[in-house]
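Derivation of every value follows stated rules applied to the coordinates shown; laboratory data play no part. Note that the structure is predicted; figures quoted are calculated from it, not measured. When we count neighbours, we look across all protein chains shown, and the Cβ atoms used for this are built from the backbone with ideal geometry, even at glycine.
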Amino acid sequence: MATYLSPEGLEKLKRELDERKNIKREEINAKIKAAKDFGDLSENSEYTEAREDQSFNEGRIDELELMVREAVIVSADHRHGSVEVGSTIRVASVHGEQKFTIVGVAEADPLNGFISNESPLAEAFIGHKKGEEVEVKVPSGKIKYKIKDIE
């Protein structure tokens, strides 16, 4: 499955991948070696912890490699004038004005206005144009948003 990323988001994932492969992996290997020197591995909590760290790190490396390999770089093309992945929109509702940037799952940070393209809110906005009203189903009912601007 494609991972939608901004150019900056892709670079961030590549940096994390490089750090995990070249720095974190070596640190964990050193911890495992040191823990083995303590002797009996069956009751060695340092060894167990280091192996768990290794397992987590290797799993994250696999995950990052897949995301980088399947990355689809997005930058909003506003020739169509509609909301899409990469768009930053300003909307108004009964709760006031809000600003959202629609990003891929890997870059989502809802508290800071970066909403996943797979979220119900983003799915409701995608394809709509400036000036249109969008109704979004939320746990407490429905909220109407008016799209004020698309960047």
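Scanning the stretch 32-72 for residues that are of a type in the set (A, V, I, L, M, F, W, C) and touching a strand residue (DSSP E or B) at 6+ places or on another chain (Cβ under 6 Å), we see that the one that is farthest from TYR4 (Cα to Cα) is MET67. Scan the stretch 119-148 for residues that are in contact (Cβ under 8 Å) with a residue 12 or more places away in the chain and surrounded by 13 or more Cβ atoms within 10 Å (Cβ to Cβ) and the total you get is 15. On the basis of being of a type in the set (Val, Ile, Thr), part of a strand (DSSP E or B) and under 25 Å from the mean Cα position of the chain (by Cα), does ILE115 make the cut? The answer is yes for ILE115. Given the criteria in contact with a strand residue (DSSP E or B) (Cβ under 6 Å, 6 or more places away or on another chain), in contact (Cβ under 8 Å) with a residue 24 or more places away in the chain, crowded, with 18+ Cβ neighbours inside 10 Å and among the aliphatic types (A, V, I, L, M), does ILE28 qualify? No: the conditions fail for ILE28.
Only one of the numbered conditions (1) small (Gly, Ala, Ser); (2) free of Cβ contacts under 8 Å to residues at least 40 places away in the same chain; (3) in contact with a Pro (Cβ under 9 Å, 6 or more places away or on another chain) is violated by SER75, and that is (2). Got a number for residues in the stretch 92-109 being free of Cβ contacts under 8 Å to residues at least 40 places away in the same chain, surrounded by 12 or more Cβ atoms within 10 Å (Cβ to Cβ) and closer than 18 Å to LYS12 by Cβ? Number satisfying all stated conditions: 3.
Residue-wise test of (1) touching a Lys or Arg at 6+ places or on another chain (Cβ under 8 Å); (2) among the aliphatic types (A, V, I, L, M).
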site: LYS31; (1), (2): no, no
site: ALA35; (1), (2): no, yes
site: LEU41; (1), (2): no, yes
site: ILE61; (1), (2): yes, yes
site: SER82; (1), (2): yes, no
site: GLY86; (1), (2): no, no
site: VAL105; (1), (2): no, yes
site: GLY127; (1), (2): no, no
